[in-house]
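See structure below.
The values are calculated or read from the model by the stated rules, or taken from the named source; none is laboratory data. In this text, all values refer to a predicted model and were calculated from it rather than measured experimentally. Quick reminder, even Gly has a Cβ in these numbers, built from the backbone with ideal geometry, and neighbours come from all protein chains shown.
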Ligand SMILES: C[S@@+](CC[C@H](N)C(=O)[O-])C[C@H]1O[C@@H](n2cnc3c(N)ncnc32)[C@H](O)[C@@H]1O
């Protein structure tokens, strides 16, 4: 049902879409006040056995696959000493990982769901890390404030993605990076690429990572199922499983059949002398 509401809302208008997305994530945040769920992405798993696993502290192991999606998207960009913004920071697990492991100068998370923002400021108190409420399409920051903008599995719910890309360009400093990942129906990816071209950001790398996502969904299925059973009333268990693209759901099958794909991008804002 959650996915049907979401799809229906998306088809009406950008403002209805924004409102419904906010309500869904507000609701999800209200269900978990203790902080069992600090990530809300599908996760990422390497496909080869020989790949070196990222090192995580014991308390972060439970969120390995969701954290690995962040690690993949950040790739070889060194965040040390930089001002980093995450748009759509959700329950803050990704921003907290970046702050604690990758040592940026500052890490700011922005999300449209105020309950998620309040949770993050309570739960992830770490020096240099803060969360504010804001809309991806009207970011509450001055021009050229950040060296890096991260955006993971959030953009599919935005009312006007071109406005979001213009905002990313505006808040990035010249020489800054936009690290972006999300899923799209296969018919929509050409449009997304064109929108990125029009954003004036230069695409340095793009990768289809659907198989990595599917593997993570498989490996993390048990954990997510027990979380849903523990936190949500039984009447919404199926809806939550569908929302989390768990095994056997339509979204999971869409990834398997190739109807939907998951992409990651590294984009760059040129300096004046490079234009
Ligand atoms: C699937 S969650 C992903 C959260 C996080 N990136 C992660 O990987 O755990 C998507 C997040 O995007 C946020 N979001 C959706 N539309 C937004 C908008 N227009 N502006 C800011 N945040 C938005 C939602 O509130 C939600 O927290």
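When residues in the range 82-126 are screened for being part of a helix (DSSP H, G or I) and either in contact with a helix residue (DSSP H, G or I) (Cβ under 9 Å, 6 or more places away or on another chain) or within 13 Å of the ligand (Cβ to nearest atom) (or both), 17 of them pass. Across the range 75-92, the number of residues qualifying as farther than 23 Å from residue 142 by Cα and surrounded by 23 or more Cβ atoms within 10 Å (Cβ to Cβ) comes to 1. State whether one or more residues within the range 41-56 are within 14 Å of the chain's Cα centre (by Cα) and more than 10 Å from the ligand (Cβ to nearest atom). Yes, because at least one residue in the range 41-56 is within 14 Å of the chain's Cα centre (by Cα) and more than 10 Å from the ligand (Cβ to nearest atom).
How about the range 206-246: which of its residues are in a loop (DSSP other than H, G, I, E, B), closer than 15 Å to residue 44 by Cα and at pLDDT below 95? Even if it seems obvious, please write down each step before you answer.
Our first condition is that a residue be in a loop (DSSP other than H, G, I, E, B); within the range 206-246, this holds for 209, 220, 232-233, 244-246.
From the residues that got through so far, the ones that are closer than 15 Å to residue 44 by Cα too are 209, 220, 244-246.
Matches in the range 206-246: 244, 245, 246.
With respect to the conditions (1) within 10 Å of the ligand (Cβ to nearest atom); (2) outside any loop (DSSP other than H, G, I, E, B); (3) out of contact with any strand residue (DSSP E or B) (no Cβ under 8 Å at 6 or more places or on another chain), residue 70 lacks only one, and its number is (3).
Only one of 166, 184 is within 16 Å of the ligand (Cβ to nearest atom), under 22 Å from residue 21 (Cβ atoms) and not in a helix (DSSP H, G or I); which? None of the others qualify; the one that does is 184.
Scanning the range 18-50 for residues that are surrounded by fewer than 16 Cβ atoms within 10 Å (Cβ to Cβ) and at positive phi turns up just one, 35.
Criterion applied to 39, 119 was being within 25 Å of residue 227 (Cα to Cα), touching a residue at least 24 places away in the same chain (Cβ under 8 Å) and in contact with a strand residue (DSSP E or B) (Cβ under 9 Å, 6 or more places away or on another chain), and the one residue passing it is 119.
Go through the residues of the range 73-81 one by one and say whether even a single one is within 15 Å of the ligand (Cβ to nearest atom), at pLDDT 95 or above and either within 22 Å of residue 31 (Cα to Cα) or in a helix (DSSP H, G or I) (or both).
Yes, that holds for at least one residue.
In the range 255-273, the qualifying residues are those that are in contact (Cβ under 8 Å) with a residue 40 or more places away in the chain and in a helix (DSSP H, G or I), and the one that is farthest from the chain's Cα centre (by Cα) is 272. For residue 159, the test of being in a strand (DSSP E or B), in contact with a helix residue (DSSP H, G or I) (Cβ under 6 Å, 6 or more places away or on another chain), within 11 Å of the ligand (Cβ to nearest atom) and over 16 Å from residue 203 (Cα atoms) is failed.
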